[in-house]
1. If you go through segment 292-302 one residue at a time, how many are without any contact (Cβ under 8 Å) to a residue 40 or more places away in the chain, farther than 17 Å from Glu119 by Cα and either surrounded by fewer than 16 Cβ atoms within 10 Å (Cβ to Cβ) or aliphatic (A, V, I, L, M) (or both)?
2. For the subset of segment 846-889 comprising residues that are of a type in the set (Lys, Arg) and within 22 Å of Asp63 (Cα to Cα), which member is most open to solvent (accessible area, probe 1.4 Å)?
3. Can you tell me which residues in segment 754-775 are part of a helix (DSSP H, G or I), hydrophobic (A, V, I, L, M, F, W, C) and surrounded by fewer than 21 Cβ atoms within 10 Å (Cβ to Cβ)?
4. What is the number of the single condition among (1) among the hydrophobic types (A, V, I, L, M, F, W, C); (2) part of a helix (DSSP H, G or I); (3) open to solvent by 10 Å² or more (accessible area, probe 1.4 Å) that Phe837 does not meet?
5. Going by the structure shown, is Asp685 exposed (fewer than 15 other Cβ atoms within 10 Å of the Cβ), over 19 Å from Gly655 (Cβ atoms) and without any contact (Cβ under 8 Å) to a residue 40 or more places away in the chain?
6. Name every residue in segment 257-274 that is buried (at least 21 other Cβ atoms within 10 Å of the Cβ) and under 19 Å from Ser304 (Cα atoms), in order of residue number.
7. When you go through Ala69, Ala138 one by one, which is the residue that is of a type in the set (Gly, Ala, Ser), assigned to a helix (DSSP H, G or I) and either modelled with pLDDT of 95 or more or open to solvent by 40 Å² or more (accessible area, probe 1.4 Å) (or both)?
8. State all residues of segment 303-332 that are within 20 Å of Gln81 (Cα to Cα) and in contact (Cβ under 8 Å) with a residue 24 or more places away in the chain; if no residue qualifies, say none.
Amino acid sequence: MRTFFPSDSCKESQLNAINPQSWLQVERGKLSKLSSSHTNSSSIESFIKVPEPPILPFFKPIDYVEVLAQIHEEMESCSPQERSTLYLLQFQIFRGLGETKLMRRSLRSAWQRAGTVHEKLVFGAWLRYEKQGEELIADLLATCNKCAQEFGPVDVSQLQVEVNGCSKETVVMKGDKSLENVNFKIGDEIIDCDRQKIASLSAPFHAMLNGYFTESSSQDIDLSENNISPLGMRTIGEFSITGSLSEVHPDLLLEILVFSNKFCCERLKDACDRKLASLVCTKDDAVEFMEYAIEQNSPVLAASCLQVFLHELPDCLNDERVVEIFSHADRQQRSIMVGLASFSLYCLLSEVAMNLDPRSDKTVCFLEQLIESAETDREKLLAFHQLGCVRLLRKEYDVAEGLFEKAVSLGHVYSIAGLARLGYIKGHKLFSYEKLSCVISSVNPLGWMYQERSLYCEGDKRSEDLEKATELDPTLTYPYMYRAASLMMKQNVQAALAEINRVLGFKLALECMELRFCLYLAIEDYKAAIRDVQAILTLSPDYRMFEGRVAASHLRTLVREHVGSWTTADCWMQLYDRWSSVDDIGSLSVIYQMLESGGAKGVLYFRQSLLLLRLNCPDAAMRSLELARRHASSEHERLVYEGWILYDTGHCEEGLLKAEESIKISRSFEAFFLKAYALADSSLDSSCSSTVISLLENALKCPSDNLRKGQALNNLGSVLVDCGKLDSAADCYINALKIRHTRAHQGLARVHFLKNDKATAYVEMTKLIEKAKNNASAYEKRSEYCDRDRDLTKADLEMVTRIDPLRVYPYRYRAAVLMDSRKEKEAIAELSRAITFKADLHVLHLRAAFHEHVGDVLAALRDCRAALSVDPNHQEMLELHSRVNSHEP
């Protein structure tokens, strides 16, 4: 989901309005002294709130690896029509894991392997919806003479509709010979038609004109009572001869469509269907024509209307006419509208509606349609669970309970969290606790189970459950937030900050940033508070705090009055200090302040984008790059930013072209740097290294600040190392360190390592660890230089896991050590720790190899299939899968 799916708090007191001015006065000296001796837990509790974790509307199987493997196995033997639906289920699993890149790849696979026009429409629209705001990229590609209409309009005329023609053989049932022509009378007009051509249009006409009916021997037949106009009948007569419809007004086409349905003229109906489909251009057209399409069973016209609606997502869902069409379609109408892709369509519509407003009536209607469209148990449990979550939000507790129970009965254990929450709301706290305890004791427990159970107990039991939740799934933010708030209530400020910093060290969650902002306010550390709120506004300019009641920008204004002003020179010094200490959040905050003060905004937005990429916030980084382009002070600067936009979205060659255009106008640092970076990434030819070196040397000759020159020196050192020029590389790293590019310690350590001097490499990485605020990667790299001291290596990797549990190398290393010691079960268990919360190809690959080594073929095959769901083209994984598959009993 794009938007935060809010929790339905059990405590109404948390919904009381908050007035920020009550605890934060604009005038200095009038601020309440929360950090003084008057501080008490109730004053802190008035604004430090930790909302309960929401019941997420996601498919969360107990063993996602098993389900991914099942889906992969089904794909190996399913029909083309079933494959897209299986990719959709794969997408739902990755969504439950929070794996955004894998989600999009599954959607793309569903679109690429779509077996029908309807599936192509739905998944193309879904991918386009996911790529909202990327229109600029298509425009930039057009300037490079490259078309970007990847998910453009689908030719709905490709839709195959079975048309049963009528035999053209003349069968004379009455009279001595067939009458050649027939005159149809409509009102006062006579339309002369070829009798046998009209007879060939349908079985009813054939029977009328050649069978036992009176009309078979009549020259004149009155059709005045059949709702066809003289012009319509002439058009039908022409069609019977030519087999095509010429330029016909839409109203006349609709008239003929109705007539063709009445007389079962399938070829004529199909021609009308396709002709009308080509005329649908606007949403209003689609609304009008969809009604006829459904009434007259015209699938091509319906598909054309559907394409227009989906192209305008999400805006079209603000039109009640469109919502009405989707909300009240019955099974037959859904079949006309979207064929066999009904479940996929309503998955998409439900997703969009929940992002707009999860509590809305249209969200409920779409999810009810999703339930009706579901065919397999997996589809049904997802639909029941999602609607249960929405009903819970709407406080329709009895209905929600029934839906969660249905999901549980179909095997979705996560829906028990919904039942437990409902039990608590109804005052049955013990029931909720016992329900979760039963689940924990009956399956391999997951982090969310302990997190949910912690809501229904107090004291040490709650603390133990939350610690266990973090141990099993460190990505859950609620346990950190609850512990931090609890420590703050006990006035243990430093411990509270340390706890929330644990999660912010590897997961930049806005709700955690908000809590830390509140903690700093409580101790009147306004400099730290302004840093956090400015970082929040960089990530999400419209963010609202305190459960959405107060704009973060308003709080920043209030806090800003309590922080001294910085000059432009002060800002650059602060940025230099924070950048050098690898304090990315601090750097973001300084840039936010500099942008407010004016100055070269293009350059500042560009720096902002670099930091956001480093913090793994690609969407925010792209927004900053687009702003950099908009505020570029010159054409050559704008071209550089356009090049980075193209490069960062996978269009490397086009990025290179933009760099070259910029260099032709002005030889600038950023243009040379971009060209070097893109060339190094796009070319597999080792001979291009000399070109990259030359480009970086040219960049360093151009004016720039030390922040960027340090990066260029660092990159140049890396290329020189790859070329074997270790002394030259060392010089680059040393020069980078002289201008405080702290990350150059890692490059210099690599040079020492390649010169067989592990001890100096270790010392160099220690310097980086001491200087860098974010240093998990530094500990990981230093572990490689411990010179056979496994205890030192183990200690460094344990520190990595403590700082950033999402880094998988430590798990793999520890597992390999255990395997070498013939502790196979412990080795597999170590890998399973990481796999539980992160679908990582390399960890799955290693566990599959371990299973194969111990002879557990089925477990190895399961892991192979799950890994190929993560990356279907990984060569080593494909080879292992083939080998293991050949041993399957």
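The values are calculated or read from the model by the stated rules, or taken from the named source; none is laboratory data. It should be emphasised that the depicted structure is a prediction, and the values quoted were computed from it without experimental measurement. Neighbour counts run over all protein chains shown; Cβ positions are idealised from the backbone, glycine included. These area figures cover heavy atoms from the full protein model, side chains too; ligands, DNA and RNA do not enter into them. Shrake-Rupley method; radii C 1.70, N 1.55, O 1.52, S 1.80 Å.
1. Final tally of qualifying residues: 1.
2. This residue is Arg862.
3. Listed by number, the residues that qualify are Leu754, Ala759, Val763, Ile769.
4. Of everything listed in (1) among the hydrophobic types (A, V, I, L, M, F, W, C); (2) part of a helix (DSSP H, G or I); (3) open to solvent by 10 Å² or more (accessible area, probe 1.4 Å), Phe837 misses just condition (2).
5. No.
6. Within segment 257-274, Leu257, Leu268, Lys269, Ala271, Cys272, Asp273 qualify.
7. Values: Ala138 fails: either modelled with pLDDT of 95 or more or open to solvent by 40 Å² or more (accessible area, probe 1.4 Å) (or both).
One residue alone meets the criteria, Ala69.
8. We begin by selecting, within segment 303-332, every residue within 20 Å of Gln81 (Cα to Cα); these are 303, 306-307, 331-332.
The answer is Ala303, Leu306, Gln307, Arg331.
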